[in-house]
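Q: One structure, pasted below without further comment.
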Amino acid sequence: MNRIDLKFKDLKNKGEKAMISFITAGDPDFKITEELVYGMEEAGADIIELGIPYSDPIADGVTIQKSSARALKNGTTISKIMQCVKNIRVNTEIPLVYLVYYNSVFKYGINRFIEECKKVGIDGIIIPDLPIEERKEILNIADKFEIALIPLIAPTSKERIEKIVTNASGFIYCVSTNGVTGTRSEIDTDIKAYMDTVSKFTDIPKAIGFGISSAKMAKELKEYCDGIIIGSAIVKKVDETEDTEEMLKNVKGFVSEVKKVLR
């Protein structure tokens, strides 16, 4: 069991749902990335996703696209992100997950990327543009290094769900609605029917993400899943102010507010 498995086991024993927060690594810089990780953990985050910035993030809406662009402009690279995670691991054991596009992994070298993930202390990877037909090589290497390969499922996956969750580990990322990431005021998917379908094929923890922008929405969705993923709403707060102290206060306040309804 890696840190993700242990975290979900602990939360289940406490009757809590996971608060999974997302930030883009290197936005606005690595020092603040580290501070955000520590701050979000202190505020109640259970698992943290670090986005590896990419020039064409097809699954992401405008907020995270802009965040990626800022990070890339600042000279963010995978090697620098790995060093950042290595620094973070000196101070915390919170489960850490990369969200990364396949081309970045391929160019870096699949084996090299996953081996370095293991060395620096990454627990799982999410590759939104990796089709199930192409994942065998990555899955084999990830298994070897005990890194969870976390699949994404969308409401449109339907007959593909069973194949997608086969050999999955960590948790299942259940996309709440069709489209890209971004804050929404409501989710129009029949979440109960959707999650019931996913649950037919796997006992692995299931987390709902995409479009969740408030504690109120998290509270409405928590009964259907094991965790709530929030990205754009947090990235917005990172972008809203250049004052680091105020930024950290705003992010921590938001994460704390969400975690309260998941207890």
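Q: Specify which residue in the list T63, T33, I48 is farthest towards the positive end of the charge dipole of the range 1-65, using unit charges on the beta carbon of Lys, Arg (+1) and Asp, Glu (-1), about the Cα centre.
A: Positive-end residue among those listed: I48.
Q: Where does each of I150, I138 land when they are ranked from fewest to most other beta-carbon atoms within 10 angstrom?
A: Details: I150 24, I138 21.
Listing I150, I138 from fewest to most nearby Cβ atoms yields I138, I150.
Q: Given R₀ = 35 Å, FRET efficiency for D203-T241 by Cβ-Cβ distance, to 0.05?
A: 0.25
Q: To the nearest 20 Debye, how big is the dipole of the chain about its Cα centre, given +1 on the beta carbon of each Lys and Arg and -1 on that of each Asp and Glu? Don't skip to the end; give the middle numbers.
A: Details: 37 positive and 40 negative charges, 63 e Å.
The dipole of the chain has a size of about 300 debye.
Q: Quick one: length gained pulling R89 to D56 fully straight, 0.36 nm per residue minus the C-alpha distance?
A: Values: separation 33, 0.36 × 33 = 11.88 nm, distance 2.89 nm.
In short, 9.0 nm is gained.
Q: Using label points projected 7 Å from each Cα along Cα→Cβ, tell me how many nm separate K219 and K158, to one decimal.
A: 3.5 nm
Q: On to the next question. Pull out a ≥ b ≥ c, the square roots of the eigenvalues of the alpha-carbon gyration tensor of the range 57-152, then state rounded if a/c is under 1.5, prolate if not and a/b is larger than b/c, and oblate in the remaining case. Please list the in-between numbers first.
A: Details: a/c = 1.65, a/b = 1.07, b/c = 1.55.
Oblate.
Q: Let me check I've understood the local charge: for I114, count other residues with C-beta under 13 angstrom from its C-beta, Lys and Arg +1, Asp and Glu -1. What total comes out?
A: On the way: positive: R112, K118, K119, R135, K144; negative: E115, E116, D123, E137, D143, E146.
The answer is -1.
Q: For a quick check: with amide H placed at 1.01 Å from N, whose amide H comes under 5 Å from L99's, ignoring anything fewer than 5 positions away on the same chain?
A: So L99 has HN proximity to L50, G51, I52, I126.
Q: Which shape class applies to the range 45-93: rounded if a/c is under 1.5, otherwise prolate when a/b exceeds b/c and oblate if not, where a ≥ b ≥ c are the square roots of the Cα gyration tensor eigenvalues? Let's see the in-between values first.
A: Numbers: a/c = 2.88, a/b = 1.54, b/c = 1.87.
Oblate is the answer for the range 45-93, as a/c is 1.5 or above yet b/c matches or exceeds a/b.
Q: While we're here: Using amide H atoms built in the peptide plane, which far-off residues or other-chain residues are under 5 Å from T202 H to H?
A: Hits under the 5 Å cutoff: none.
Q: Tell me, what is the percent relative contact order of the chain, built from C-alpha pairs under 8 Å that lie six or more residues apart?
A: Rounded, it is 24 percent for the chain.
Q: A further question on this structure: Evaluate the relative contact order of the range 134-249 (contact order divided by residue number), counting alpha-carbon pairs under 8 angstrom at least 6 apart; express in whole percent.
A: Answer for the range 134-249 is 21 percent.
Q: What is the distance, in nm, between label points placed 7 Å from the Cα along the Cα-to-Cβ direction at T77 and at R263?
A: Modelled inter-label distance: 4.4 nm.
Q: Now, a different point. Please label the shape of the chain as rounded, prolate or oblate, based on the square roots a ≥ b ≥ c of the eigenvalues of the alpha-carbon gyration tensor (a/c under 1.5 means rounded; beyond that, a/b larger than b/c means prolate, else oblate). Walk me through the intermediate numbers first.
A: Values: a/c = 1.36, a/b = 1.07, b/c = 1.26.
Because its axes are fairly even, with a/c under 1.5, the chain counts as rounded.
Q: Taking the alpha-carbon centroid of each part, what is the distance from the range 72-147 to the range 196-225 in angstrom?
A: Cα centroid of the range 72-147 versus Cα centroid of the range 196-225: 24 Å apart.
No value in this document is a laboratory result; all are computed from the given coordinates. Quick caveat, the model's predicted, so the values are computed rather than measured. Counting neighbours? That spans all protein chains shown, and the Cβs are built from the backbone with ideal geometry, glycine included.
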